[in-house]
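Input: a single structure, listed below in structure tokens.
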Amino acid sequence: MKKIILFSLFLLLGLILSQILPHMAGTGFSTLKFCTDSLLYVSLAYIMINVGREFELDKTQLKSYRDDYLIAMATAALPWLFVSVYFICLMPKEMFSSWNAWKESLLLSRFAAPTSAGILFTMLAAAGLKKKWIYKKIEVLAIFDDLDTILLMIPLQIFMIGMKWQLVVVIAVVILLLWIGWKKLNHYSLNQTWPRLLLYSIIIVVVCQGLYFCTKYFFGIDSAIHIEVLLPAFVLGMTMKNHVKDSATAEKVSTTISYIFMLLVGLSTPLFIGIDLSDPPVSNKITANLPMMEWGLIGIHVLVVTLISNIGKLFPVFFYRDRSLYERFALSIGMFTRGEVGAGIIFIAIGYQLGGPLLIIALLSLVLNLVLTGVFVIIVKQLALKAYQTQKTGQQEITKQIS
């Protein structure tokens, strides 16, 4: 629970500092932002490598994974679509027919899709559910919906780039990475100590950012090729084999990097306090130029976004009919947890110059979900215990009848 609270506090602290540092740093803020963004990319790559390391797939049992993947995909898609429509409804009415407004909303609202696998697994294990069906099924669904989130970010980024020649390059790189991930799944015996994982992360960021800056230099900013670190880092983690339990030091480093990442995500929030609305807009994006709302109204929207995104996560309740309703609700509520991957999506949206009140609502909704994680896990545990107690009572009654 301490980890969840600190995640939330670091994200909020970053959000506050994002409104203070630009005024304090003055002309030196651009240099500071380059440094913090670079550190953020490295942190995100490190986190995604670890997510990829958790991905295990028995290629001889692909049919058994099909239904789980489709359910996980829908469980990620529904919150995303619900929040997308809600964000569109918060824009001026004429924006409802604007494709630019829709693509910005679709990208920004994708933060609501992924379940935080690392946070969830740790807390469910601490609750004594590691050997239960709920834990094993959540483990599969959470990893699959993280994977689906990463894959769906590709067409969303293509929407933002537009129909340019860079599109062919991006698609080719994505196909190549997916092919490598599939063919070399759990294949390479790479050193997986935390210093090596950090080195891999730095290399991935240097390659991705180097490609961006080189193409920007030669072709201009509008024609630069931008490959996000999400997929390369995830695929690298997938290809690592013989993963053993990390040392206590490695776990502490990973946790510290996650804290730094949450702080930097908040810190990357565009300036929205103390700006002169009469100045020319710094971004041509629709979301970035929406008028700022009152904080009370933002609070209401945060509650609504959190509610509808979690309603979308209830999709698994309608499946796994061989299990009790208690177990299915416990499974679905377990998927409510959000964390680093969702924060990474928000950072990517900021990189495309999305902003304004919708960005603030997205960030604060993520914070609220983080704060509520402990409550979600308690509910999951209570429902699971009730389900298993009901099963035990039923078995005892059957035994009595037979005897």
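The values are calculated or read from the model by the stated rules, or taken from the named source; none is laboratory data. No experiment lies behind these values; they were computed from the predicted model shown. Every residue, glycine among them, receives a Cβ derived from its backbone with ideal geometry; neighbour counts consider all protein chains shown. Calculation scope for accessible area: heavy atoms of the full protein, side chains included, ligands and nucleic acids excluded. Shrake-Rupley method; radii C 1.70, N 1.55, O 1.52, S 1.80 Å.
Per residue, the chain exposes 48 Å² of solvent-accessible protein surface, assessed with a 1.4 angstrom probe and all protein chains in place.
Note on the chain: with a GNM built from Cα contacts shorter than 10 Å, the maximum mean-square fluctuation among Ile333, Ile286, Ile20 falls on Ile20.
Sticking with the crude label model, points 7 Å out along Cα→Cβ, report the distance from Thr31 to Trp99 in nm, one decimal please. The two pseudo-label positions are separated by 4.3 nm.
Given the alpha-carbon gyration tensor of segment 131-253, what are the semi-axes of its equivalent ellipsoid in whole angstrom, ordered largest first, with each equal to the square root of 5 times an eigenvalue? Value: 30, 19, 13 Å, ordered largest first.
Between Ala25, Ala77, Ala233, the GNM of the chain built on Cα springs shorter than 10 angstrom shows Ala25 fluctuating the most. Applying D = kT/(6 pi eta Rh) to the chain, where Rh is the Kirkwood radius over alpha-carbon pairs, T corresponds to 37 °C and eta to 0.692 mPa s, the Stokes-Einstein value obtained is 148 µm²/s.
Taken over segment 168-233, the ratio of Cα radius of gyration to 2.2 N^0.38 Å equals 1.29.
The modelled label-to-label distance for the pair Ile378/Tyr188, using points 7 Å beyond Cα in the direction of Cβ, is 4.5 nm. Each peptide in 100-106, 254-260 gets a packing score, the mean of other Cβ atoms within 10 Å over its residues, and the list from highest to lowest is 100-106, 254-260.
Taking the chain as a Gaussian network, where each spring joins two C-alpha atoms under 10 Å apart, which residue of Gln382, Gln353, Gln19 fluctuates the most? Top of the fluctuation ranking is Gln382.
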